[in-house]
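Read the structure below first, then the notes.
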Amino acid sequence: MLARFICATILHLSLVDEVSAGLEMMKYASNHPYKFTHFEIAWFSGFLQTVSCLGVELANIGVICGASDTISIVFNFIALAIIAEFDNYVFSSMKNESFKVLTEKEFCERVFIVAHTTSKKCCSEELSTEKDEDGNFRPLKINIMSRSW
């Protein structure tokens, strides 16, 4: 039972960052739809990342609970951990790919600047640096009712 708990906890902790990155992509696309030709596709890519990570975690729990001995639990955990990290292995193996720069953290921090937020820490009177179609600065804080559907 201890092996099951340890393996499930380790995989859960390794997937937390992936799930939060998917949720941040969904939030960014929802808060900045004017920056995308089809913001639904950007939102959906974050959704797929979140759902796939949750699916790997649920599969891990199912496989671990179904294993009968400690060696099977550990081997199944290792197999699912490799599957969960497979995209990171592929990304790190791309040495000369020109599009790799577009997904690195330094580039994304410069390009995807948060101009709108739903955070409770933000004051409703604050303005962002983005202008709307009329040339007025957009509000920094937005709520669900101010979004265009």
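At a glance:
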read-out	value
Number of positions in region 1-16 that are out of contact with any Cys (no Cβ under 8 Å at 6 or more places or on another chain) and surrounded by fewer than 17 Cβ atoms within 10 Å (Cβ to Cβ)	11
Odd one out for SER30, checked against (1) touching a Phe, Trp or Tyr at 6+ places or on another chain (Cβ under 7 Å); (2) hydroxyl-bearing (Ser, Thr, Tyr); (3) modelled with pLDDT of 85 or more	(3)
Residue match in region 56-70 (condition: more than 16 Å from LEU2 (Cβ to Cβ) and among the hydroxyl-bearing types (Ser, Thr, Tyr))	no
Cβ-Cβ under 8 Å pairs, at least 6 apart or on other chains, region 21-40 side assigned to a helix (DSSP H, G or I), far side β-branched (Val, Ile, Thr) and modelled with pLDDT under 85	LYS27/THR118; TYR28/VAL114; ASN31/VAL114; ASN31/THR117; ASN31/THR118; ASN31/ILE142
Subset of region 1-57 (residues that are more than 26 Å from ALA79 (Cα to Cα) and among the acidic types (Asp, Glu))	GLU24, GLU40
Number of the exception - VAL19 against (1) open to solvent by less than 40 Å² (accessible area, probe 1.4 Å); (2) modelled with pLDDT under 85; (3) of a type in the set (A, V, I, L, M)	(2)
Verdict on GLY62 being out of contact with any Pro (no Cβ under 6 Å at 6 or more places or on another chain), in a helix (DSSP H, G or I) and surrounded by fewer than 16 Cβ atoms within 10 Å (Cβ to Cβ)	yes
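The values are calculated or read from the model by the stated rules, or taken from the named source; none is laboratory data. Just so we're clear, the structure is a prediction, and the values are computed from it rather than from any experiment. Here Cβ is always computed from backbone atoms with ideal geometry, including for glycine, and neighbour counts include all displayed protein chains. Remember, those area values only see protein heavy atoms, side chains included, never the ligands or the DNA or RNA. Shrake-Rupley method; radii C 1.70, N 1.55, O 1.52, S 1.80 Å.
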